[in-house]
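What follows is one structure encoded as structure tokens, with my remarks underneath.
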Amino acid sequence: MSSTNKGQLSTEYLVVLGVVAVIALMVAYIVGFQFSTTGENVVANKAYWRTSEIGIVNYKVYDTGEAVFALKNNAGSKIRLTKFNIDGTNIITNPNGVVIPLGGTATVNGTVPTGEGTFNFNIDFEYDTMD
């Protein structure tokens, strides 16, 4: 084998290696972007729920479906929370509702649908202002 053929093989090897490296970087960027976007959505959702009129400042959902929510009153006046619907089911059991002072917090316990992995609920509140 002559030295010219060895140089050509080395150059071809380096070109193929470079193409594989570029493709691997592109795949890593795309996969990383997808995971990053998911994380950004979670942060945006948490920011929204913390600052809405009735903020969800913390929560815990157990495997059994039992859930605990820490709610904050950002509505501008004292409120009586009469419904906390999760996927259409009211988890407030007290017929008088839950009173939350302006800027105050309250804990609400209930049962939510469970499943594998992540969860996504439709949540809506009904409340009366108490001046």
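Considering only the stretch 68-108, how many residues are closer than 17 Å to Asn58 by Cα and either assigned by TED's automatic domain parsing to the domain that holds Ala47 or loosely packed, with under 12 Cβ neighbours inside 10 Å (or both)?
Adding up the residues that qualify gives 2.
Take the stretch 24-63 and flag every residue that is of a type in the set (Gly, Ala, Ser) and modelled with pLDDT of 75 or more. Let's see the steps before the verdict.
In the first step, residues of the stretch 24-63 are kept if they are of a type in the set (Gly, Ala, Ser); the result is 24, 28, 32, 36, 39, 44, 47, 52, 55.
Within the stretch 24-63, Ala24, Ser52, Gly55 meet the criteria.
Within the stretch 51-67, restricting attention to residues that are among the β-branched types (Val, Ile, Thr) and surrounded by 13 or more Cβ atoms within 10 Å (Cβ to Cβ), which residue is nearest to Asn120 (Cα to Cα)?
To start, the set of residues in the stretch 51-67 that are among the β-branched types (Val, Ile, Thr) comprises 51, 54, 56-57, 61, 64.
Checking which are surrounded by 13 or more Cβ atoms within 10 Å (Cβ to Cβ) leaves us with 54, 56-57, 61.
Values: Ile54: 18, Ile56: 14, Val57: 17, Val61: 12 Å.
Among those that are among the β-branched types (Val, Ile, Thr) and surrounded by 13 or more Cβ atoms within 10 Å (Cβ to Cβ), it is Val61.
Scan the stretch 75-93 for residues that are at pLDDT 90 or above and over 13 Å from Phe125 (Cα atoms) and jot them down.
Ser77, Lys78
Of all residues in the stretch 109-131, which are β-branched (Val, Ile, Thr) and over 21 Å from Asn58 (Cβ atoms)?
Here is the first cut: in the stretch 109-131, the residues β-branched (Val, Ile, Thr) are 111-112, 114, 118, 123, 129.
Once the filter is applied, which keeps residues that are β-branched (Val, Ile, Thr) and over 21 Å from Asn58 (Cβ atoms), the stretch 109-131 yields only Thr129.
The values are calculated or read from the model by the stated rules, or taken from the named source; none is laboratory data. What you see is a predicted model, and the numbers here were worked out from it, not measured in a lab. All Cβ positions, even for glycine, are placed from backbone atoms using ideal geometry, and neighbour counts span all protein chains on display.
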